[in-house]
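Visitor: Okay, handing you the structure first.
The values are calculated or read from the model by the stated rules, or taken from the named source; none is laboratory data. Predicted, not measured: the structure shown is a model, and the values here were computed from it. For neighbour counting, all protein chains shown are included, and Cβ atoms are generated from backbone atoms with ideal geometry for every residue, glycine included. SASA here: full protein model, heavy atoms, side chains in, ligands and nucleic acids out. Shrake-Rupley method; radii C 1.70, N 1.55, O 1.52, S 1.80 Å.
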Amino acid sequence: MIHVWLGIAHRPGTSLWISPLMAVSYLTPLLFLPGDFAAAAGSFALVLPTCLIVAEALARSRRRLLQTEGQLRVHSSELERANRPTVERAREVRSVLHKLRKVEAQLRRHLSAGSEEAAHESLART
């Protein structure tokens, strides 16, 4: 479990530095257990590499995740900056369209009332 924690919470290579402590903490109790020490210690040849592989895989995955998140933040802000002028242009276009619709409505009113002169004056003011 310690190697899983080391892999998740620390940078790659930390578990390698801790492996001598792991060896001591794993093998010391085996000295005091009844039975064949050599046979029990043989399991250490499987446990140590497994723990190191798990810890390093987690640490490297976490590092890659952090790098990807950083790149995503950068690209997201770049995209936001690139889209800002587009959004502003869209607002301007909507504003101009709104003004044109108002002018069109005024012209239609004047023309439907039969006042071409008022329509021309209205156009001249805008």
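Visitor: Could you please tell me which pairs satisfy a Cβ distance under 6 Å, a separation of 6+ or placement on different chains, a first residue in region 45-59 that is under 9 Å from I8 (Cα atoms), and a second residue that is hydrophobic (A, V, I, L, M, F, W, C)?
Guide: Filtered contacts from region 45-59: A55/L6; L58/I8.
Visitor: Please pick out the residue among L46, L30, L79, L72 that is more than 19 Å from H3 (Cα to Cα), more than 13 Å from the chain's Cα centre (by Cα) and open to solvent by 100 Å² or more (accessible area, probe 1.4 Å).
Guide: L79 is the lone residue from the list that is more than 19 Å from H3 (Cα to Cα), more than 13 Å from the chain's Cα centre (by Cα) and open to solvent by 100 Å² or more (accessible area, probe 1.4 Å).
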